[in-house]
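First up is the structure itself, then whatever we jot down about it.
The values are calculated or read from the model by the stated rules, or taken from the named source; none is laboratory data. Only a predicted model underlies this, so the values are computations on that prediction, with no experimental measurement involved. Reconstructed Cβ throughout: ideal geometry from the backbone, glycine too, with neighbour counts over all protein chains shown. The area values use the complete protein model at the heavy-atom level, side chains included, leaving out ligands, DNA and RNA. Shrake-Rupley method; radii C 1.70, N 1.55, O 1.52, S 1.80 Å.
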Amino acid sequence: MKFGFDIDDTLINLREFAFHLYNEKLNKNVELAVFKALKTIEIHEAFGLDKEAGGKMWNSLVEEVYYSSCPAFEGAVETLQELELAGHEIYYITARKTEHGERTKKWMIENGFPVKDDHFFCGMKDHEKIDTINQLELDYYFDDKPAVLETLLDIPTKVYAIDNSYNRELDIPRLASWSELKELISK
């Protein structure tokens, strides 16, 4: 089978990692419960920042957020390794900008994700992911972002949301943890 995965907040806990960095850099102590209740992907409002200031903050930390010690979600690396060992094809489809492609691949390999160069796609806008997913004829695709998930509701691929506070309004099958994937595909 062919499996497609978004990266940020699907396989790696990027927003929460950034949330802790914001607390550190802004010398604040915003509680994690505030983060877990956010209804938006953007985290700046939790720190009292407007969109412009939030964008500047994010851009100032992008290197540290993307390429330091951001953790994978529990079980994500092991699940993808098991899929690959079982002979399944693993594809990564990320909206990260093209200039981050090679470094992102390298970071993922260093962190144990099974990555093949010709199975890694980046630099597309959210609404363009559907074209790649359709061209690859994926059996399953996993993402967190409502703007992406909403474009995928009428395709043959089985699409799943990775459960987050900002996507719970979507009526779509979801995974709360990577340990659920084995059961899902065995059905």
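Quick one: putting +1 on the C-beta of Lys and Arg, -1 on the C-beta of Asp and Glu, what dipole do you get for region 90-179 around its Cα centre, in Debye to the nearest 20?
Values: 12 positive and 17 negative charges, 67 e Å.
Result for region 90-179 is approximately 320 debye, rounded to the nearest 20.
Express in nm, to one decimal, how much length is gained between Lys125 and Glu183 on full extension, taking 0.36 nm for each residue of separation and deducting their alpha carbon distance. Don't skip to the answer; put the middle values down first.
Details: separation 58, 0.36 × 58 = 20.88 nm, distance 3.14 nm.
Length gained, Lys125 through Glu183: 17.7 nm.
Mind putting a number on the dipole of region 14-67 about its Cα centre? Charges go on the C-beta only, +1 for Lys and Arg and -1 for Asp and Glu, and I need it in Debye to the nearest 20. Spell out each step's value before the answer.
Numbers: 7 positive and 9 negative charges, 24 e Å.
Charge dipole, region 14-67, about its Cα centre: 120 debye, nearest 20.
How long is the gain from Ile172 to Met1 if the chain were fully straight, where each residue apart is worth 0.36 nm and the alpha carbon distance is subtracted?
On the way: separation 171, 0.36 × 171 = 61.56 nm, distance 2.10 nm.
Additional length available on full extension: 59.5 nm.
Under a Cβ-only charge scheme (Lys and Arg +1, Asp and Glu -1), can you give me the dipole magnitude of the chain about the Cα centre, in debye to the nearest 20? Before the final figure, lay out each step's value.
Working: 22 positive and 36 negative charges, 55 e Å.
So the magnitude is around 260 debye.
Listed here are the pairs Lys125/Lys158; Lys39/Lys182; Lys51/Lys129; Lys39/Lys97; which of them are more than 27 Å apart at the Cα? Intermediate results must be reported in sequence, preceding the final value.
On the way: Lys125/Lys158 21 Å; Lys39/Lys182 29 Å; Lys51/Lys129 25 Å; Lys39/Lys97 24 Å.
Over 27 Å apart, Cα to Cα: Lys39/Lys182.
Could you calculate the contour length gain from His88 to Asp139, that is, 0.36 nm times the residue separation minus the distance between their Cα atoms, to one decimal place in nm? Numbers along the way, then the final one.
Working: separation 51, 0.36 × 51 = 18.36 nm, distance 1.03 nm.
Stretched fully, the His88-Asp139 segment lengthens by 17.3 nm.
From the square roots a ≥ b ≥ c of the eigenvalues of the alpha-carbon gyration tensor of region 117-187, which class results: rounded (a/c under 1.5), prolate (a/b over b/c), or oblate? Intermediate results must be reported in sequence, preceding the final value.
On the way: a/c = 1.65, a/b = 1.21, b/c = 1.36.
Oblate, since a/c reaches 1.5 and b/c is not below a/b.
Measuring from centroid to centroid over Cα atoms, what is the spacing of region 51-83 and region 21-38 in Å?
16
Which order do Asp144, Asp139 take by accessible area at a 1.4 Å probe, largest first? Could you put the intermediate results ahead of the total?
Numbers: Asp144 10, Asp139 60 Å².
Ranked from most to least accessible, the order is Asp139, Asp144.
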